[in-house]
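Peer 1: Here it is, the structure in full.
The values are calculated or read from the model by the stated rules, or taken from the named source; none is laboratory data. A quick note: this is a predicted structure, and the numbers were derived from the prediction, not measured. Cβ placement follows ideal geometry from the backbone for every residue including glycine, while neighbour counts extend to all protein chains displayed. To get the accessible areas, we keep the full protein, side chains included, count just its heavy atoms, and leave off ligands, DNA and RNA. Shrake-Rupley method; radii C 1.70, N 1.55, O 1.52, S 1.80 Å.
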Amino acid sequence: MVSAVVCQETQSARDFLRSLREEIQCHPGVGHSLLGRMLTDPRTRHDFKILASQHYPLVANFTTYMELLLLRAPSSEAKRWLAKVLVDEYGERSHGDDHAASYRAFMHAAGIAPGSEASYPLHPEVVGFIREHYRICTQEPFLVGLGAVGPGHEWSIPTMFEHVMTGLRKAGFAADDMTYWAMHLDQDADHGAWLEEALVAFCETPEAREQIRRGALLSLKAREQFWWGVLDKISSERTKAMLPGVAPATAGAEDTQPTYADLRQGLEIRVDLGAVSDIL
Amino acid sequence: MSCPTPALLMVAFGGPTPGCCERFTPCPGEAHCFVSGILGHNPARRQRIAEVAAHYQEFGGYSEFNAYTRKQAEALAAELGSRGLDVPVWCGYHHWRPYVREVVADMKAAGVREMLVLIMAPHQSSVSWDLYLRIVGEGIEQAGAGAPRVIGVVEPWWNEAGFTGAIADRITEASCREGIDLCAPDTALLLTAHAVPESLSRTAPYCKQIEETAALVATQLGGPDYRVAYQSQSGDSAVPWTQPMVEDVIAAYADAGKSTIVGNAIGFLCDNIEVLYDLGVEGRRCAAEHGVRFVRAESVHSHPAFIRMLADRVAAKLAR
């Protein structure tokens, strides 16, 4: 009788996860027109230079979201998945280069000078994405954070990055230049599978499922905002590069935008570890 | 062969016309192809693409957008000709044939060496103004050596009397036709533009320019009760878009006791499907649900004042 109940709950948890996976795949953050049009629009190295300048801060902060969440994880079981993913983020399966280092190699291939990676003005939606994820991982319940860095990232990134890679190929990037992106197609598929196993144990109650789903959707909402921000930048930056002397609609918007270097200096993170007892 | 005088390239959004665009195999139909070209060829947007493509089916599956734009181009060329300016006017579109890159290649083949660019969007955002400029630049790059050089971009005209006066005229025409007194206490004016994600509205003057256009139109109409609303928001988006939406303003007007609303899409230059369906069909339906009469005034199209204003700006740019 007990095993039948456990089996039913597990089945129900898997149904929930399947349905969440489908919801994520259909989310406009994953299906943003900037990604979907990689197949049909012309894409150039300059476009990816702009994209990289905006995306790099997300890459460089992801590990910290995970580390903060790890601090708040209620049990060793909860820590295990986060720790496994973190080991990859630190460079376990990328020849010792952490993910930010791999990304910098891509940035250099896209035309960003070494050492200047953090010096580009950031669209407000880039800053918004980072702040939102720190908020989720430090102030929301643990399972909301897990939903954001778990399904919200691991189940969306392979699909989004496939589109990006279509554009990279169109823009003439060599396979070596695309290592960061290709690596995520494999690693995130693994992370996603590990995650599913980990999540089964956490989504036994409707409340827990709702928290995981809410975290995923909060992350994807920030992701959709992020892509709009990147599109905004790409549209105007490319115009400036191709038609010098013609003022874009966004002229002057960059004057007040912080660089990633500015953002890092001004970022304060507070973690309330007392919240752990609330989760237990 | 070389063309001694500069040409004018009008850049507009475009709309589907009969004839496969040959981008996708098998062809899913022109309207479907057009919408998926905008939203992206992406399974995640399949439902939204089908939803929007269905709006086109209600009007026969195609759009008159390109035909309207061609008429505007012909009227502008004629107006410039009447001023002794023999300026060939070319039309290129972002989302349908002839694409801007194709037109730039044709211009090169025709010997055009210099061109002025006219962006057919009255209000500036990165996804209209900047994107249109971008595709001109891409067209030039793709055409390679000998492609026409951009000698200038016609300045935006959101607050020009020729534009706001043309809108006011269209609204007056519709009101007179329907026997409506725009300044009557139970009547209101709804002026709409395409919604954009709020994040884009913060980096460009888009909303400010729309508000300014609306205020100038209202002044020319004698000061009716008017509000700006945003239409055609992507229904599956999770992020905030510019507000208020058309439906919210109609509901607010109904609550305020208005019995008649006259609507005009001031952010659009012709009656494309978004104007016809989102404002004309859904706006009217929403008003009817609130017991309010709704009359849509047509877009500026080739209104003589609008065309004269464009000609003034083209001529001024050529004179520099």
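Peer 1: Which one is nearest to the other protein chains (Cβ to nearest Cβ) among residues in segment B:22-38 that are without any contact (Cβ under 8 Å) to a residue 60 or more places away in the chain and open to solvent by less than 30 Å² (accessible area, probe 1.4 Å)? Even if it seems obvious, please write down each step before you answer.
Peer 2: Step one: filter segment B:22-38 for residues without any contact (Cβ under 8 Å) to a residue 60 or more places away in the chain, giving B:22-33, B:35-38.
Now narrow it down to the ones that are open to solvent by less than 30 Å² (accessible area, probe 1.4 Å): B:24, B:29, B:31, B:33, B:35-37.
Numbers: B:24: 9, B:29: 16, B:31: 16, B:33: 10, B:35: 11, B:36: 8, B:37: 6 Å.
Out of the qualifying residues, it is B:37.
Peer 1: Can you list residue pairs whose Cβ atoms sit under 7 Å apart, with the first residue in segment B:105-116 being among the small types (Gly, Ala, Ser) and the second being at pLDDT below 95? Count only pairs 6 or more apart in sequence or on different chains.
Peer 2: Once the first residue is among the small types (Gly, Ala, Ser) and sits in segment B:105-116, its partners that are at pLDDT below 95 give B:110/B:3; B:111/B:1; B:111/B:2; B:111/B:3.
Peer 1: So, one more: Looking at segment A:94-130, which of its residues are closer than 18 Å to residue A:265 by Cβ, part of a helix (DSSP H, G or I), more than 14 Å from every other protein chain (Cβ to nearest Cβ) and touching a residue at least 60 places away in the same chain (Cβ under 8 Å)?
Peer 2: A:130
Peer 1: If residue B:232 satisfies all but one of (1) in contact (Cβ under 8 Å) with a residue 24 or more places away in the chain; (2) open to solvent by less than 50 Å² (accessible area, probe 1.4 Å); (3) at negative phi; (4) under 21 Å from the mean Cα position of the chain (by Cα), what's the number of the condition it fails?
Peer 2: Just one mismatch for residue B:232, condition (3).
Peer 1: What are the residues in segment A:225-245 that are closer than 17 Å to residue A:27 by Cα and open to solvent by 10 Å² or more (accessible area, probe 1.4 Å), if any?
Peer 2: Within segment A:225-245, A:225, A:228 meet the criteria.
Peer 1: Here's another thing I want to ask about it. Of A:67, A:77, A:9, A:89, which residue is modelled with pLDDT under 95 and closer than 21 Å to residue A:159 by Cβ? Let's see the steps before the verdict.
Peer 2: Values: A:67 fails: closer than 21 Å to residue A:159 by Cβ; A:77 fails: closer than 21 Å to residue A:159 by Cβ; A:9 fails: closer than 21 Å to residue A:159 by Cβ.
Step by step, each of A:67, A:77, A:9, A:89 is checked, and only A:89 is modelled with pLDDT under 95 and closer than 21 Å to residue A:159 by Cβ.
Peer 1: Residue A:170 versus (1) crowded, with 19+ Cβ neighbours inside 10 Å; (2) touching an Asp or Glu at 6+ places or on another chain (Cβ under 9 Å); (3) under 20 Å from residue A:53 (Cβ atoms): which is the lone unmet condition?
Peer 2: (1)
Peer 1: I would also like to ask the following. Hey, could you check segment B:119-151 for residues that are more than 8 Å from chain A (Cβ to nearest Cβ) and in contact with a strand residue (DSSP E or B) (Cβ under 6 Å, 6 or more places away or on another chain) and say which is surrounded by the fewest Cβ atoms within 10 Å (Cβ to Cβ)? Talk me through it step by step, then tell me what you get.
Peer 2: Residues of segment B:119-151 more than 8 Å from chain A (Cβ to nearest Cβ): B:119-123, B:132, B:135, B:139, B:143-149, B:151.
Next cut, in contact with a strand residue (DSSP E or B) (Cβ under 6 Å, 6 or more places away or on another chain) only: B:119-120, B:132, B:148-149, B:151.
Details: B:119: 23, B:120: 22, B:132: 26, B:148: 25, B:149: 11, B:151: 14.
Going through the qualifying residues, I end up with B:149.
Peer 1: In the list B:173, B:198, B:160, B:211, which residue meets the criterion of being away from every other protein chain (no Cβ under 14 Å), touching a residue at least 40 places away in the same chain (Cβ under 8 Å) and surrounded by fewer than 19 Cβ atoms within 10 Å (Cβ to Cβ)? Let's see the steps before the verdict.
Peer 2: On the way: B:198 fails: away from every other protein chain (no Cβ under 14 Å); B:160 fails: surrounded by fewer than 19 Cβ atoms within 10 Å (Cβ to Cβ); B:211 fails: touching a residue at least 40 places away in the same chain (Cβ under 8 Å).
Residue meeting the stated conditions: B:173.
Peer 1: Right, another one. Is it the case that segment B:49-61 has a residue that's within 14 Å of chain A (Cβ to nearest Cβ) and open to solvent by 40 Å² or more (accessible area, probe 1.4 Å)?
Peer 2: yes
Peer 1: Quickly run through segment A:210-224 and pick out the residues that are open to solvent by 40 Å² or more (accessible area, probe 1.4 Å) and either more than 14 Å from every other protein chain (Cβ to nearest Cβ) or closer than 30 Å to residue B:116 by Cβ (or both).
Peer 2: A:210, A:211 - these are the residues of segment A:210-224 that are open to solvent by 40 Å² or more (accessible area, probe 1.4 Å) and either more than 14 Å from every other protein chain (Cβ to nearest Cβ) or closer than 30 Å to residue B:116 by Cβ (or both).
Peer 1: What number goes with the only condition from (1) modelled with pLDDT under 95; (2) crowded, with 18+ Cβ neighbours inside 10 Å; (3) of a type outside the set (A, V, I, L, M) that residue B:19 does not pass?
Peer 2: Every listed condition holds for residue B:19 apart from (2).
Peer 1: Sort out which residues of segment A:60-72 are hydrophobic (A, V, I, L, M, F, W, C) and open to solvent by 10 Å² or more (accessible area, probe 1.4 Å), and write them in order of number.
Peer 2: First, pick out the residues of segment A:60-72 that are hydrophobic (A, V, I, L, M, F, W, C): A:60, A:62, A:66, A:68-71.
Within segment A:60-72, A:60, A:62, A:68, A:70, A:71 qualify.
Peer 1: To continue, here is another question. Search segment B:82-103 for residues that are part of a helix (DSSP H, G or I) and pair each with any residue that is surrounded by fewer than 18 Cβ atoms within 10 Å (Cβ to Cβ) when their beta-carbon atoms are under 6 Å apart and the residues are at least 6 apart or on different chains.
Peer 2: Filtered contacts from segment B:82-103: B:101/B:142.
Peer 1: I would also like to ask the following. Restricting the search to segment A:18-48, which residues are out of contact with any Lys or Arg (no Cβ under 7 Å at 6 or more places or on another chain), part of a helix (DSSP H, G or I) and crowded, with 20+ Cβ neighbours inside 10 Å?
Peer 2: If the condition is that a residue be out of contact with any Lys or Arg (no Cβ under 7 Å at 6 or more places or on another chain), part of a helix (DSSP H, G or I) and crowded, with 20+ Cβ neighbours inside 10 Å, then A:24, A:33, A:34, A:35, A:48 are the ones that fit.
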